[in-house]
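*Asks:* Before I ask anything, let me first share the structure, which is written out below as structure tokens.
The values are calculated or read from the model by the stated rules, or taken from the named source; none is laboratory data. Predicted model only: the values in this text are computed from it and were never measured. Backbone-built Cβ (ideal geometry, glycine too); neighbour counts: all protein chains shown.
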Amino acid sequence: MRTHYCGQVTETLVGEEVEVCGWVHRRRDHGGVIFVDLRDRDGIVQVVYDPDSPKVFEVAERVRNEYVLRCKGKVRFRPEGTENPNMSTGKIEIIGSSLEILNRSEPPPFLVEDETDASEEVRLKHRYLDLRRPEMLQRLKIRAEITRQLRSFLDQRGFMEIETPFLTKATPEGARDYVVPSRTHQGKFFALPQSPQLFKQLLMVSGMDRYYQVVRCFRDEDLRADRQPEFTQLDIEASFISEAQITNLMEDMFRDIFTHVLEVALPHPFPRMTYAEAIERFGSDKPDLRIPLELVSITDLMQEVEFKVFSGPANDPKGRIAALRLPKGGELTRKEIDDYTKFVGIYGAKGLAYIKVNDLSQGREGLQSPILKFLPDDVVDAIMQRTGAQDGDLVFFGADKATIVNEALGALRVKLGHDRGIIEHGWKPLWVVDFPMFEFDEKENRYVALHHPFTAPVGSVEQVAADPEQALSRAYDMVLNGTEVGGGSIRIHDPAMQQEVLKLLGIDAAEAKDKFGFLLEALSYGCPPHGGIAFGLDRLVMLMTGAQSIRDVMAFPKTQTASCPLTAAPTEISPAHLRELGLRQRQPAATE
């Protein structure tokens with residue numbers, strides 16, 4: 001039906017007859033001459049209709065936005081002064097000789113243009129229209145290009161793309177699984193996978209050696225701003241490989257896609273930072289290195305002060321006191337400081353102390369703060385020296401449990417970077433390594449795995465069992481501009497180590513056999529050392545396209561409430577369907 005896509009009609013085709021198909025992006029009637037901007041996935045081209053062809057012109061008069069057209073005509077240069085340098089087709093136009101309306105359109109609920117004031121709810125309800133917008137189309141084209149490049153890179157290095165099941169067994173975090181009732185095994189349920197983790201490890205036992213998959217994963221998350229119940233990840237696993245080998249290979253892969261897709265050169269090598277250092281300096285295990293602000297520990301300086309707000313955490317083994325210097329922060333108003341105090345409260349901070357540095361040469365008299373009266377001169381001097389404070393700066397303080405201080409000041413650091421415009425331009429990738437193997441959950445009164453229970457710890461079975469709190473894992477996360485884009489580890493390949501880790505996590509032998517018996521058995525049949533990583537494809541595309549949300553780089557995303565305005569899913573199913581599945585629906589518990 002066409003000879004060219006709209007975006008392909010350029011000055012190289014001047015004098016030739018072409019046929020194009022697409023949607024009416026815009027129609028303009030200028031003094032008896034009708035201009036139609038025709039749009040398809042490749043671009044927009046201007047088609048001109050004049051009254052010299054009455055029958056064709058009469059059809060053009062009936063055309064409206066989003067009508068589907070088939071246009072035929074000869075390509076010519078636009079008259080001088082009417083060129084559009086912002087379009088690849090901006091130097092030419094098509095003089096229309098025929099026009100066929102292939103389908104009409106109702107007036108759309110919003111303009112199909114890059115800039116729209118339509119709410120996200122309206123856009124998602126009419127997603128097929130939203131995806132026509134050039135901005136959305138371009139993001140999905142870049143997504144396809146990224147995926148194609150990732151596949152090409154891995155194919156060339158001996159990785160095999162292998163599909164793993166969607167209908168599988170519930171995980172230990174069963175509350176986050178989407179479950180699927182079985183009609184043929186009534187009373188039993190499949191679960192949709194949160195990750196192909198166990199299957200890709202079984203593929204290593206099988207001798208596949210190098211595996212990858214662009215795979216859909218499912219997680220029944222609590223309501224969160226930028227999470228999706230179904231998402232896509234690039235899943236990778238390899239046998240006989242070390243941490244250095246796989247992280248170096250993944251660096252090469254990222255440099256490859258950034259070069260091909262964005263024409264950007266990433267550093268070689270990526271910097272590496274231990275988990276402990278990341279938490280100490282940035283309060284986060286995914287620090288945004290574009291922001292030149294750092295946390296400075298001053299716990300030791302506060303142990304002898306009489307001010308209990310500081311001395312309490314300073315003498316608590318699980319406490320921390322940290323300072324965050326904001327250059328030129330003395331410009332902040334009291335209202336702005338109060339707003340930042342409310343902000344850190346979101347993370348559990350009870351307050352936000354500060355010192356304004358007006359004139360260091362005047363000592364205490366050159367400083368301004370409600371807390372100065374509680375601090376002796378030597379402590380104040382030490383704080384100024386350790387933080388590197390200068391005239392005009394402001395120093396914020398966090399004092400509480402270390403976890404609260406880290407989260408609150410870590411988030412404040414990022415917010416200040418954005419609010420004050422002190423974010424460096426460019427890309428700052430980072431490997432975070434040497435994670436703790438376990439965290440102790442005080443509510444559950446047991447250890448939990450910081451990554452997952454199949455991550456290999458550093459050391460022998462005996463060493464890990466003797467001191468699990470100090471055990472480090474062989475895990476590695478890739479962070480890009482403050483966003484974790486991927487995480488992986490060397491896996492446990494020894495059955496004894498796997499059983500010990502499960503035991504430390506409070507999973508006894510019976511439960512381990514029930515949940516992971518197939519894996520434990522597989523490990524006993526000559527499992528090779530292996531490791532892997534998974535990258536969140538949606539997050540990566542979001543970063544590379546500059547989108548504000550992962551929903552803007554997915555064709556058909558869900559809302560924050562895990563619902564679909566387009567299809568109205570999830571919906572109820574009929575009583576007959578329930579009976580066939582052997583299920584009976586209970587009424588939801590009444591809420592006050």
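*Asks:* Of all residues in region 153-173, count the ones that are of a type outside the set (Val, Ile, Thr), outside any loop (DSSP other than H, G, I, E, B) and either surrounded by 14 or more Cβ atoms within 10 Å (Cβ to Cβ) or outside the structural domain of residue 257 (by TED's automatic domain parsing) (or both).
*Replies:* 2
*Asks:* Name the residues in region 14-55 that are more than 19 Å from residue 79 (Cα to Cα) and touching an Asp or Glu at 6+ places or on another chain (Cβ under 9 Å), would you?
*Replies:* 20, 21, 22, 23, 24, 25, 26
*Asks:* Take residues that are farther than 18 Å from residue 295 by Cβ and among the acidic types (Asp, Glu) and tell me which of the helices (runs of 4 or more DSSP H) falling wholly in region 331-423 contain 1 or more.
*Replies:* Because the criterion is at least 1 residues that are farther than 18 Å from residue 295 by Cβ and among the acidic types (Asp, Glu), the helices (runs of 4 or more DSSP H) in region 331-423 that meet it are 334-345, 377-387.
*Asks:* Within region 352-367, work out how many residues are touching a Ser or Thr at 6+ places or on another chain (Cβ under 8 Å) and free of Cβ contacts under 8 Å to residues at least 40 places away in the same chain.
*Replies:* Total meeting the criteria: 1.
*Asks:* Answer yes if at least one residue in region 436-450 is among the aromatic types (Phe, Trp, Tyr), surrounded by 20 or more Cβ atoms within 10 Å (Cβ to Cβ) and under 27 Å from residue 248 (Cβ atoms), and no otherwise.
*Replies:* no
*Asks:* Further question on the same structure: Quick check: anything in region 435-448 aromatic (Phe, Trp, Tyr) and out of contact with any helix residue (DSSP H, G or I) (no Cβ under 7 Å at 6 or more places or on another chain)?
*Replies:* No, every residue in region 435-448 fails to be aromatic (Phe, Trp, Tyr) and out of contact with any helix residue (DSSP H, G or I) (no Cβ under 7 Å at 6 or more places or on another chain).
*Asks:* Just checking, which of 405, 414 is closer than 17 Å to residue 332 by Cβ, of a type in the set (A, V, I, L, M), at pLDDT 95 or above and under 25 Å from the mean Cα position of the chain (by Cα)?
*Replies:* 414
*Asks:* Looking at region 32-50 only, could you name the residues that are in contact with a strand residue (DSSP E or B) (Cβ under 8 Å, 6 or more places away or on another chain) and part of a loop (DSSP other than H, G, I, E, B)?
*Replies:* 50
*Asks:* I would also like to ask the following. Which of the residues spanning region 438-459 are within 17 Å of residue 285 (Cα to Cα) and not in a loop (DSSP other than H, G, I, E, B)?
*Replies:* 438, 439, 449, listed by residue number.
*Asks:* Specify which of the listed residues (156, 213, 194) is under 23 Å from residue 522 (Cβ atoms) and modelled with pLDDT of 95 or more.
*Replies:* 213
*Asks:* Can you name the condition, by its number, that residue 207 falls short on among (1) on the phi < 0 side of the Ramachandran plot; (2) modelled with pLDDT of 95 or more; (3) in a loop (DSSP other than H, G, I, E, B)?
*Replies:* Against the list (1) on the phi < 0 side of the Ramachandran plot; (2) modelled with pLDDT of 95 or more; (3) in a loop (DSSP other than H, G, I, E, B), residue 207 comes up short only on (1).
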